[in-house]
Structure formats: structure tokens, C-alpha cells
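Remarks on the structure that follows.
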Amino acid sequence: MKMTGAEALVRSLENAGVEVLFGYPGGVVLPIFDALYDATSIRQILVRHEQAAVHAADGYARVTGKPAAVLVTSGPGATNTVTGIANAYMDSIPMVVFTGQVATPVIGTDAFQESDITGITIPITKHNYLVKDAAELPEVIAEAFHIATTGRPGPVLVDVPADVGKREITYKWPETLNLPGYKPTFKGHAKMIKQAAQLISKARKPLLYAGGGVLSAGAWKELKELAELMQLPVVTTLMGKGAFPEDHHLFVGMPGMHGAKYTNYSITETDLLIAVGVRFDDRVTGKLAAFATKAKIIHIDVDPAEIGKNKAVDVPIVGDARYVLSEIVAELRKMNAEPRTDAWMRVIDDWRARYPLHYHHPDGVLMPQHVIERVRELTKDRPTVICTEVGQNQMWACQYTHIREPRTWVSSGGLGTMGFGLPAAIGAQLGRPGYLVVDIAGDGSIQMNSQEMATAAIEKLPVKVVILNNGYLGMVRQWQELFYDRRYSSSTLAQDCPDFVKLAEAYGWHGARVTEPGDVDAALTAAFAHDGPALIDFRVSREECVYPMVAPGGSIDEMLGGIPGGPVSEMLDGELLEEVWE
Amino acid sequence: MQHKHTLSVLVENKPGVLSRVTSLFARRGFNIDSLAVGVTEDPTLSRITIVVGGEDTSLEQVAKQLHKLINVIKIQDLDPHEMVDRELVLFKVNAPPDRRHEVIEIANVFRTKVVDVGKNTLTIEATGAGEKLAAMEDLLRAYGIKEVARTGRIALSRGLREGQAQG
Ligand SMILES: Cc1ncc(C[n+]2csc(CCOP(=O)(O)OP(=O)(O)O)c2C)c(N)n1
Ligand SMILES: [Mg+2]
């Protein structure tokens, strides 16, 4: 069938199964937007900034597992997507970003709104394309979606010059793809899987360490099956939150810099660390030389480059987490393996009781952690997606929410991008229309993409923004308090500027302000019941810190703050422990 | 452990692939000592030969990252004992008429060719493995080397001998 390149692009999106496109137009992409005018099967969202288009596609992909498309113009439109793409790349989120480019004859001449976006994004995309021949568009787009969604997922960028969109071609959606250099390993090595099962069956103090890879592989059922079969305690990383139900008795929290003491202690003490879809990030491991030193390590990951990157591994398994976990379960069943973790769980439960997450709650003071606890309790019986911004708000959200369903937690992990939460919430709301979508925000972060309040209002996406307004770039202030002698250089904001309630109202949102702990529930209930988007400005205690905290570069069992309690070595004198490990 | 490695990287012969490969080395803090690229027996494929030094473990990490590039098909870290390697170098050497014959002699000893004769210079085309070229460069230095151009090392793994199994 004959059609223009622009029409072929749109037809290819339909063939690739794209349901949502986040975009922002400009000169060179007008032919494509014109072709989109008739595309009724694709929901098109006009954002207010290109960075937000990418974050929205990111949020959409996190809650659905499906890639969305982004379409922006050349030059500034393209460069505005860079932060969003870097964010998706770090967190392995699938999406395809289309950028307009100047016409092929003028590429390389510093033409108006020309930027070398494929050059710029080489280090932050899984792959990218500059399409010079319109006839290649269907094939390139088919490849782009295939690459974005398979193996270790990630963003792919397709740069489309203006003349390519206008040229007439014969459309043909490819039946097979020719990617000789791209063959992700799916099945894990059978011998390694056997070896892993052997180790798991014998371990006295095993620990599952699960990350975002479990979610992208859709392996949460298999993870739970393994954990329950062998009664293995489970920690999940920031990216893995929701991969294991956080109200489960085997759940032991999020490890790392702001992990609970009982979580980090269990990593220090484990004799078998079963790492699944994680990358031993420095925010998790702290000082590598002191991380899980008593453990043998099994590492399951679809990306061979992650295995052994930061930490030497005893049993490396390259493969799809879902496949590998189900094979390990089958192997353990064959062996009639029995759980041996009763004593280990008693130790962990003892730590849990002695060193719970904790904050001081002075009378009459509105505490940020309390606000999150109330969000958690008031959404208990309602399908909810929790998004976050970055900073203290994000860490408290990690600590005090209990995510029970996979793909209902949306937070910027590897890049830690302030301004991610609101646009991601917009994407999440589109991906899960029936869900309550809450963005736990900081007063600093929310101002980095607050223009998207217009998008939510106009597209009728009833997201709820909970601002923990401390009048500071709180996490920066915390580091300055702890490591820079309380010299608050460039970290002070103003709680009343902007007036967030007026800002909400300016966009046609429901807005409210809470200053008293007693008013938290009523305000949240009203916002959640409101049928449109809502924002609550919680004026929280200004100089609260996130605890516990591992100092940067420190060992994860040496934590500041929280309840006093010595390092693991001191606690191991207890009778309980003697009874456990003879 | 620090070592020089000769990586033979088979890639799709498409625009931009070379820069994806080289920028990866730069990004991960590796300095490329030599680089040669050309099309293979299959016109859709190119071979990039890269000589690079560095820690073995971090080089292994770069090789793994290189594998992740969609256009990279195969990577071999060639065993120095099991490869043939060559480089072509052009030396432009000071050679006033009275010393010209000495330089020509050196060229002959190394079985290389004089490819250009100027009033006061000779240009020698030399091909060989690293040590030979280094030895020759050493000798020529005494006359004054004015300019050098190198192709960069190219290498292939040796063919199987009798009794060797395909690994
Ligand atoms: C785009 C971006 N710029 C800077 C930072 C560094 N940074 C990390 S947390 C933080 C403060 C966040 O302030 P706020 O949103 O008010 O959250 P709070 O920590 O107060 O909860 C900053 C500046 C970042 N993560 N992202
Ligand atoms: Mg703040």
C-alpha cells in the first residue's frame, strides 16, 4: 500500500500495538502529527514539556509493562527529552521516543533546530536510529519496539528527518526481524540452576534480594513460590518494591542507605544471597568490601554485563528471571527440599521487633512519615499506585508504604530525577484508569514539572499530589546537617512560595493545606474522593531527617539514627543466636 | 592485572557503528592504543581491531558492554600466542644524499620498501608485527624521523592445526 513516511510511522505504531502517545509538536514533525490526527486507536496526550512526555511514558510502562511512544520535534524538543531518556535507561524501562530531525540534505549544517540527538543519546539508549530512507520506517519501528521490550528493557530513540515523513513509500510491516547482533539469553544454564537449587536447599541463613528485574520479567509469582516453598526471607530494592507483597511475613524490607536496621543486618548475616534482577547498586551495598561478606552469592540477571560487575559471584545465571526462578523451584521440588529457615526467621523477627523503623512524633507536630502512614492506611482497600518524587519524600515513601501489588510503585531509581513523579503519575493513571494514583512529592521536586498539572486537568486524569512541604531541598539539607556543619548553602526554599493551594486552583485542581496532624485524614479522604486531580500542601516539620542512614561509602550495618543498637557483631551474643547456629 | 589486549570485533557495516564502539571505550575510561576497521568477506559486516590496555576485570566489563550494542555481532579477545597480527607503517626519514644508502640498507634488512625519494628524505613502507616495527623505528630514529603514519594493528586468530578441536 502506498503512503507517506508520516503515515507509515503512524501505521507502524498501530501495528506495534501502541495505545498511548505522549507528544509535543514543532515544525519538522507536523507531517507526523497531521497523520496522527486520523489515528483513533492511539490515545494522544499533549504534555506541557517534552521531559514530562518521557516520564509519562515511563510511568505508563512501569504500571502496565507495555511501551508507550513519545513524539517530539527536533532541536530543543529532542534535547528536552534527554533527562527522561536517561531516567528510563537507568531503570530499564521500555519505550520508543520519536524525534523530528531537520531534512536529510541539511543534516550536519547547523540548520535551524538541528541537534545530533542520536549522537547525544548513544550512552543513554538501548539503541537508536537515524532513519534516512522512508522505506525503512516500518522495519526500524518494528525493531525499535522489539529491542525496547525484550531482554533487559530500555528506551530506544528513532530520529526522523522532515523529508522522510513526506516521501511516499510502499508500506510493509515486517514479519521477521534481522538483528544478527541481538539475541538476549532467555534460558538460564541448567547446571547453574541445579547448583543454585543445591545451595538453597542447604543454606541455613538464605536471603532473597530482588530488584526491578523481577518486575520487568513478570516473575513475581515465581519469586513468591520460591520464597514460600523454602521459607526464604525477601528484601526488595527501591526498584523491586512490589515484586513481593510487603505485608508478607517473609518480607524484610528495603536494603541500603535508608534501609531498616533489620534489613541491612540480614544482608550482613546471610550465608546465601540469592540476587534476582538487581545490580548491586552503591545505594544498596554501601561499602562493597563489607557487603554480604559471609554469603555465597547466586546472581540471576538477563544482562550478562551485570553479573560480577560490582561483586564477585559464586553462581552466575544469565537468563530471564521468570524462567530461571521457575526452574529452580522445579529443581527444589524434585529434590524434596525442605525449608530450614525457622531459626533464621526467628532471628530476623527478633531484630524486627528490636529495631523497627521509627520516628519521633512530638505532640501537635505534623510529621512527614505520619502523612505517608495515613496515605497507606486510607488506601488499604483501594487499588492504588504510589508514585514519588526524589529526596526525603521518596525515602520515607519507600519506608512507610506497603506495596502489595506488582507494578503499583513508580519511583525514579538509578537517576534519582526530581520532577519525575507528577508526569509519571499522569502516565500511570492512563495505564491504570481504575486506580487511585498518588504522587508523594517534595516542595522542591514538584516545581520541576508542575506545568503538567495542566495536562492532568485537561486530560481528566485525577491524580493526587501529596506535597511534604518542608520548605527545603530536604535531602540536601539533611546531608548539610550531617556532613557540612549545618551550613545550608542553597538548600532553603520557602514553604509559602509558591502558594501551592492557589497553584492547584489556577489549574482547576482541588487544593488544600494541612498544618495540624489532626486534619490529615479528613484532607486525604476529601482529596481521594474528589473526582478530579487534587493537591494537598502538607506543612510538615521542617528539619526532620530520614533515618536510619548509612553514611556514604560506609558499611551497611553501621547506621546513623533510629533506635540505638550496636552493630551485628554485638547482637550476635544473644542466647537466641547461640541456639540457632550451634 | 594489567595487559594489552587485541580485541577483534565483528560489527554490522552500518553508519555510526564505529562511533558507538569507540565512545563506549572512552566512556568507561579506556584509552585505545590502536584501531583499524574495514569490511570483511561479507560486505554487510566490518571487523574492528582494537588494541587497548587496562585492568583485565574492567576490560572484561567493557567487552560485556560492547556485546550489548545491537550492531556488535561477535567479540574475540585474541590470545597473543594464537593470533597473527600486522601493522603497516609509513616512515618519512631524514636522508641527505650522503646517508641515503644507509637508510636504504636498513629498509632492505627489514624487507621493507622505499616508496618515495625526496631531496633530503626517504619514505619507507613497513609491514609486520609490533616488535619488528618497533625495532625498525628505533634504528631509523638515529637519522631523524620526520613523520609517521600507521594503519593500526589488524589481527586474526590462527587457523586450526591438526589435532586441535574447534573450541
Ligand atoms: C533534577 C535533580 N536536581 C538535583 C537533584 C539533587 N537532589 C536530590 S534530593 C534534592 C532535594 C529534593 O527536595 P524536595 O523535592 O523538596 O524533597 P525533600 O528532600 O525536601 O523531601 C536534590 C536537590 C536531583 N536529585 N535531581
Ligand atoms: Mg522539600
Checklist entry - Applying the selection to the range A:198-232, what residues are assigned to a helix (DSSP H, G or I) and within 19 Å of residue A:294 (Cα to Cα)? => result A:198, A:199, A:200, A:201, A:202
Item to check | Flag if residue B:50 is open to solvent by 10 Å² or more (accessible area, probe 1.4 Å), in contact with a strand residue (DSSP E or B) (Cβ under 7 Å, 6 or more places away or on another chain) and away from chain A (no Cβ under 13 Å) | outcome: no
Next on the checklist: Out of everything in the range A:451-493 that is open to solvent by 60 Å² or more (accessible area, probe 1.4 Å) and under 26 Å from residue A:410 (Cβ atoms), what residue ends up being farthest from ligand 1 (Cβ to nearest atom)?
Outcome noted: A:460
Item to check | helices (runs of 4 or more DSSP H) wholly inside the range A:107-166 containing at least 1 residues that are over 17 Å from residue A:18 (Cβ atoms) | outcome: A:117-121, A:162-166
Next on the checklist: Can you report the number of residues in the range A:128-142 which are open to solvent by less than 10 Å² (accessible area, probe 1.4 Å) and within 13 Å of another protein chain (Cβ to nearest Cβ)?
Outcome noted: 2
Checklist entry - If residue B:110 passes every condition in (1) surrounded by 15 or more Cβ atoms within 10 Å (Cβ to Cβ); (2) within 14 Å of chain A (Cβ to nearest Cβ) but one, which one does it miss? => result (2)
Next on the checklist: Where the second residue is open to solvent by 70 Å² or more (accessible area, probe 1.4 Å) and assigned to a helix (DSSP H, G or I) and the first is within 10 Å of chain A (Cβ to nearest Cβ) and farther than 14 Å from residue B:74 by Cβ and lies in the range B:8-28, which pairs have Cβ atoms under 8 Å and are six or more apart or on separate chains?
Outcome noted: none
Item to check | Positions within the range A:173-218 being within 14 Å of another protein chain (Cβ to nearest Cβ), in contact with an Asp or Glu (Cβ under 7 Å, 6 or more places away or on another chain) and within 23 Å of residue A:66 (Cβ to Cβ), in sequence order | outcome: A:177, A:179
Checklist outcome for this item: Restricting attention to the range A:491-526, the residues that are free of Cβ contacts under 8 Å to residues at least 24 places away in the same chain and within 19 Å of residue A:370 (Cα to Cα) number exactly 5
Next on the checklist: Quick check on this structure: which one of A:450, A:445 is within 23 Å of residue A:533 (Cα to Cα), within 13 Å of ligand 2 (Cβ to nearest atom) and among the small types (Gly, Ala, Ser)?
Outcome noted: A:445
Checklist outcome for this item: The lone condition residue B:5 fails out of (1) more than 14 Å from every other protein chain (Cβ to nearest Cβ); (2) over 19 Å from the mean Cα position of the chain (by Cα); (3) touching a residue at least 60 places away in the same chain (Cβ under 8 Å) is (2)
Checklist entry - Assuming residue A:155 fulfils every condition listed in (1) out of contact with any Asp or Glu (no Cβ under 6 Å at 6 or more places or on another chain); (2) within 12 Å of chain B (Cβ to nearest Cβ) apart from one, which condition is it? => result (2)
Item to check | Matching entry among A:118, A:109 (being over 20 Å from residue A:427 (Cα atoms) and either free of Cβ contacts under 8 Å to residues at least 24 places away in the same chain or surrounded by fewer than 19 Cβ atoms within 10 Å (Cβ to Cβ) (or both)) | outcome: A:109
Checklist entry - In the range A:296-306, which residue that is touching an Asp or Glu at 6+ places or on another chain (Cβ under 9 Å) and surrounded by fewer than 23 Cβ atoms within 10 Å (Cβ to Cβ) is nearest to residue A:390 (Cα to Cα)? => result A:297
Checklist outcome for this item: Counting only residues in the range A:158-168 that are in contact with a strand residue (DSSP E or B) (Cβ under 9 Å, 6 or more places away or on another chain) and open to solvent by 10 Å² or more (accessible area, probe 1.4 Å), the one farthest from the other protein chains (Cβ to nearest Cβ) is identified as A:168
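The values are calculated or read from the model by the stated rules, or taken from the named source; none is laboratory data. All figures in this text were calculated on a predicted structure; none of them were measured in a lab. Glycine also receives a Cβ, built like all others from the backbone with ideal geometry; neighbour counts cover every protein chain displayed. Each accessible area value is taken on the protein alone, full model and side chains, heavy atoms only, with ligands, DNA and RNA left out. Shrake-Rupley method; radii C 1.70, N 1.55, O 1.52, S 1.80 Å.
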